[in-house]
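A short reminder: the numbers here are calculations on the coordinates, not readings from a lab. Predicted model, so just to flag it, every value in this text is computed and none were measured. Here the Cβ positions follow ideal geometry from the backbone for every residue, glycine too, while neighbour counts run over all protein chains shown.
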Amino acid sequence: MTNGELAFMALAEELNFTRAAERIYMSQQGLSDHIKRLEKDYDTVLVTRKPEVALTDSGRELYNMLLAKQSMESDVRRMIADIDHGDVGEVRVGISSARARVFSSDIVQRFHNKHTRVHVSIVCDLTRVLLSMLETGDLDLVIGVNPQAGKDLVIEPLFEDPLYVAVPEQIAKERTGDEERVDLHKYQDVPFIRDLHQSASASIIDSFLARENICLNNVVSINDYNEQAALCMRLGGAMFCSKSFAFFEGGEIMRKGLRILGIKGLHHSVTICLITSAPRVYTRCVREFIDISRDSLLQFYENHIK
């Protein structure tokens, strides 16, 4: 990319001439000159200066195009390195926080057995955050849930992951007896441990609770499922979880012996998806990682979800 393009991207992201100039080690006058030359080259106004710095419609479109160009240049460098140096490089994958522990170990082990010199970077966060990183070229693929359609995103649904309630056995006996599904109206006074952030699962649960006029006693918010399970035992509480985690043998829900119950009236589940970027030129090792991820997730579905 040219210096002018890099200067424009810095300004587009900072929306402040002083911060943008400091970020790219350039004087404000030098930055301003680069922007003016770009505007002259494209014969349009890219940035408004007053009352505050903002991108015009043309500026936003140029910024999006430059992001794609930046990702393409990075992919080309990685592709050439792959050709010149063989089985080396890096795969950057994002996995939704709640499912990273469930899915990542098998995928990484399978991949590493074939590509011992390739470095795998895993970022765990909410799917919407990971998709932003995918669109800017900071990730190669995302294993996420209920992704929103976006420009140039390739979304491959793999399987549905139902939602459950997990509670200590004694509470389940008192409130539910031997039934396999729970009426949440009977659990409104039970302490609930919920997700801290608005995940896809939490959104489905909240919509269901509002529709059924159920008001739960939410006492703790924390994203880690293992800690939620531990708190359920300590507080005599309950938690929501997906089937993929509920029946995961290495997870605290199984190890703590919590009873896993379906939810009466809830018919929605989250969808596990493999998400890539259409314009990207993927290296051989990234393509292999995508194939291994797909195979591992579908096998997990056959063994634990179906």
| request: Give the peptides 209-221, 114-126, 260-272 in descending order of average Cβ contacts within 10 Å, highest first. | output: 260-272, 114-126, 209-221
| In the chain, with Lys and Arg counted as +1 and Asp and Glu as -1 at Cβ, which of these residues, Thr116, Pro51, Ala210, has the Cα nearest the positive end of the dipole, that is, farthest along it? | Ala210
| task | Give the Debye-formula value of log10 I(q)/I(0) at each listed q (0.16, 0.23, 0.24 Å⁻¹), with one equal scatterer per alpha carbon of region 163-268, two decimals each. | result | -0.62, -1.44, -1.59
| For the Cα atoms of the chain, what angle does the longest principal axis make with the long axis of helix 284-300, in degrees from 0 to 90, nearest 10? | 20
| task | Rounded to whole Hz and in sequence order, give me ³J(HN,Hα) for region 250-267 from the Karplus expression 6.51 cos²θ - 1.76 cosθ + 1.60, θ = phi - 60°, writing x for Gly and Pro. | result | x, x, 5, 4, 5, 5, 7, x, 5, 7, 9, 10, x, 10, 4, x, 9, 10
| field | Other-chain or far-sequence residues with amide H under 5 Å of Thr56's (modelled H) | value | Val47, Thr48
| field | Anchor Lys151: aspartates and glutamates whose Cα lies under 12 Å away (excluding residues fewer than 8 positions away in-chain) | value | Glu135
| Once amide H atoms are placed 1.01 Å from N in the peptide plane, what residues at a sequence separation of 5 or more from Gly89, or on another chain, have their amide H within under 5 Å of its amide H? | His119
| task | Run the dipole for the chain about the Cα centre, Lys and Arg Cβ at +1, Asp and Glu Cβ at -1, nothing else charged, and hand back the magnitude in debye, nearest 20. | result | 300
| Put +1 on the Cβ of every Lys and Arg and -1 on every Asp and Glu Cβ in the chain; which of Asn64, Tyr164, His304 then has its Cα farthest towards the positive end of the dipole? | Tyr164
| Among Arg110, Arg49, Arg77: highest mean-square fluctuation, GNM of the chain, C-alpha pairs under 10 Å | Arg49
| Longest to shortest principal axis, alpha-carbon extents of region 1-63, angstrom | 27, 26, 17
| said: About the Cα centre, and with charges only on the beta carbon of Lys, Arg (+1) and Asp, Glu (-1), how big is the dipole of region 163-268? Nearest 20 debye, please. | reply: 60
| field | Phi-based couplings in Hz for region 156-169 (Karplus 6.51, -1.76, 1.60; Gly and Pro marked x) | value | 10, x, 10, 6, 8, 10, x, 10, 9, 10, 10, 9, x, 4
| query | Based on the alpha carbon coordinates of the chain, what radius of gyration and maximum Cα-Cα distance (Dmax) apply, in Å? | reply | 23.9, 75
| query | At Asn217 and Asp57, where each label point lies 7 Å from the Cα along Cα→Cβ, what is the point-to-point distance in nanometres? | reply | 5.6
| field | Choice from Leu31, Leu131, Leu153 with maximal GNM fluctuation in the chain (Cα, 10 Å cutoff) | value | Leu31
| said: Cut-off 10 angstrom, C-alpha nodes, Gaussian network model of the chain. Which of Asn64, Asn223, Asn16 fluctuates the most? | reply: Asn16
| FRET efficiency, Thr18 to Val76 (Cβ-Cβ, R0 45 Å, nearest 0.05) | 0.85
| said: On C-alpha positions alone, give me the angle between the axis of helix 200-212 and the longest principal axis of the chain, in degrees, nearest 10. | reply: 50
| said: How tilted is helix 57-85 with respect to the longest principal axis of the chain? Cα atoms for both, answer in degrees (0 to 90, nearest 10). | reply: 80
